[in-house]
2 protein chains.
Amino acid sequence: MDDPDPPVIGRRGSYAKGVARRQEILDRAIEVFAERGAYATSLRSIAQALGVSHAALLHYFDSREQLLIAVYENAEAKRHAVPDAPEQGGPVDVLVRAAAANVEVPGLVELYSTLVAASLEAGNITGRSYFTERFARVRRDLADRVRGGQARGDIRADVDAEQVAALLVAASDGLQIQWLLDPSVRLETLETLATLLGPPAAPSTDDRSAAGDQQATDGQPGPRL
Amino acid sequence: MDDPDPPVIGRRGSYAKGVARRQEILDRAIEVFAERGAYATSLRSIAQALGVSHAALLHYFDSREQLLIAVYENAEAKRHAVPDAPEQGGPVDVLVRAAAANVEVPGLVELYSTLVAASLEAGNITGRSYFTERFARVRRDLADRVRGGQARGDIRADVDAEQVAALLVAASDGLQIQWLLDPSVRLETLETLATLLGPPAAPSTDDRSAAGDQQATDGQPGPRL
DNA sequence: GTCTATACGTCGATAGAC
DNA sequence: GTCTATCGACGTATAGAC
């Protein structure tokens, strides 16, 4: 929608020198979020932290929202310990690690939730398409992992991989929010899903006799999911 | 949770005549949401739709946010077909019905998401405590239903009811958002969870041979969950 | 008690000078 | 590329009419 190359989210006049400055802005901005929370993070307060006027920021980003999205992308990208190597492991494993890493970055879940909520609004074309694509991509990745697990026999085969993927994303997002509001909601709750997704239990002879206290909540969910 | 006392969210000077006017405001406000989306719903635009000045609204509600929370509560309350009778059915059933009803009210999920996101912010004491309590209450109700299902043998007993409840809330909230962004994500995905929660499958002899296409995604999840 | 009028400070965004 | 100036709209607060 902008210059010669549209696919990047908030680029404007961005060559060589520009991208470096742009990166500076993003790095400083996430710190402002950590300090003051996402809500009070106006263009002006970010600009102040950088020692420039707020209008200057709009030379690098088309709007406040696009700056915020870029900040989120940046923070999330550098959240990955290993820079590139695609995440390894089953779908639940990946999500548990991601969720744990997310809540470590102050303000990140707030920022994400705010942006997602805003993306639901009617007029918000940019945010809407960004998160629509993002959700689709994440679901695609997870669905692949689910199918892998099913082929391996780690995950029960009588559920649709795409639907499980959507479920996993929803559960992960929702649990991070609940955890922020009330840390007694343990993030490991996601692993309960691993238990549920596990294969129909080793064919043992007891049907349902005295299903004791042996909760599978924090033990290994059997195979690596 | 409503009348005879102060724990109500946004009451100010409110007797007899006042509460009626207050109700008018809430009813009209949700319509504004339906028409213009939650985002553009400023105090001033709601006031305009009511034909009053925006300052007038602050006689009934302490702040914009408390008005929005009250609007949400009001819309959600009248969303229930049967006015009082506590919801019947298993945990998944209840959630599926609620989710379906939610997305029918234009702007309601947007409003909810916006308020939840705002409640995560540091300074927001009112919103934070409201949603913390709300989540706790909903989880409590669902956990009871889960335990009931477990006692009845409808739900596998090797998972913690509280954790399943948190999972259900998260999944429901998250799916509504994903559905709004991309209706190809079916709300019925929640019922996949019902399948997963079902008892360990009737003890049949086939271990895992040719797990065919028989997806349990939209059929009955066996018992009523 | 209900409401209008008005003012304050801040916001995102834009235009134009340097 | 960055500034200053300015715009309209916002949430909030207060004074005072009825």
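The values are calculated or read from the model by the stated rules, or taken from the named source; none is laboratory data. Just so it is clear, the model here is predicted, and its values are computed rather than measured. As a convention, Cβ positions derive from the backbone with ideal geometry for all residues, glycine included, and neighbour counts pool all protein chains shown.
Pairs under 9 Å by beta carbon, first residue within 14 Å of chain B (Cβ to nearest Cβ) in the stretch A:42-55, partner near DNA strand C (Cβ under 8 Å from one of its atoms) and part of a helix (DSSP H, G or I), six or more apart or different chains?
So the pair list comes out as A:SER42/A:HIS54; A:SER42/A:ARG64; A:SER45/A:HIS54.
Do we find a residue being more than 7 Å from every other protein chain (Cβ to nearest Cβ), in a loop (DSSP other than H, G, I, E, B) and under 21 Å from the mean Cα position of the chain (by Cα) anywhere in the stretch A:166-183?
yes
Working only within the stretch B:23-44, note down all residues that are surrounded by fewer than 16 Cβ atoms within 10 Å (Cβ to Cβ) and within 13 Å of DNA strand D (Cβ to nearest atom).
B:ALA40, B:SER42, B:ARG44
If A:ALA70 satisfies all but one of (1) at pLDDT 95 or above; (2) more than 13 Å from DNA strand C (Cβ to nearest atom); (3) buried (at least 18 other Cβ atoms within 10 Å of the Cβ), what's the number of the condition it fails?
Unmet condition: (2).
Pull up the stretch B:109-138, narrow it to residues that are outside any helix (DSSP H, G or I) and among the aliphatic types (A, V, I, L, M), then point me to the one that is nearest to A:VAL32 (Cα to Cα).
Residue satisfying both the conditions and the ranking: B:ALA122.
Kindly evaluate A:ALA47 against the criterion of being within 16 Å of DNA strand D (Cβ to nearest atom) and assigned to a helix (DSSP H, G or I). Step through it out loud before you land on a result.
On the way: within 16 Å of DNA strand D (Cβ to nearest atom): yes; assigned to a helix (DSSP H, G or I): yes.
Against the criterion (within 16 Å of DNA strand D (Cβ to nearest atom) and assigned to a helix (DSSP H, G or I)), A:ALA47 qualifies.
Could you identify the single residue in A:PRO106, A:PRO86 that is assigned to a loop (DSSP other than H, G, I, E, B), within 13 Å of chain B (Cβ to nearest Cβ) and out of contact with any Lys or Arg (no Cβ under 8 Å at 6 or more places or on another chain)?
The conditions single out A:PRO106.
Go over the candidates A:GLU76, A:GLU65 one by one and state the one that is surrounded by 14 or more Cβ atoms within 10 Å (Cβ to Cβ) and at pLDDT below 95.
Answer to the check: A:GLU76.
For B:THR114, only one of the following conditions fails: (1) surrounded by 15 or more Cβ atoms within 10 Å (Cβ to Cβ); (2) away from DNA strand C (no atom under 16 Å from the Cβ); (3) within 14 Å of another protein chain (Cβ to nearest Cβ). What is its number?
Just one mismatch for B:THR114, condition (2).
Given the residues B:VAL146, B:VAL94, which is the only one that is at negative phi, β-branched (Val, Ile, Thr) and within 12 Å of chain A (Cβ to nearest Cβ)?
On the way: B:VAL94 fails: within 12 Å of chain A (Cβ to nearest Cβ).
Only one candidate passes the filter, namely B:VAL146.
Take the residues in the stretch B:23-41 that are within 14 Å of chain A (Cβ to nearest Cβ) and in a helix (DSSP H, G or I), then tell me which one is farthest from DNA strand C (Cβ to nearest atom). It would help to see each step written out before you state the result.
Step one: of the stretch B:23-41, the residues within 14 Å of chain A (Cβ to nearest Cβ) are B:32-41.
Still in the list and also in a helix (DSSP H, G or I): B:32-36.
Working: B:VAL32: 16, B:PHE33: 20, B:ALA34: 23, B:GLU35: 21, B:ARG36: 18 Å.
The qualifying residue farthest from DNA strand C (Cβ to nearest atom) is B:ALA34.
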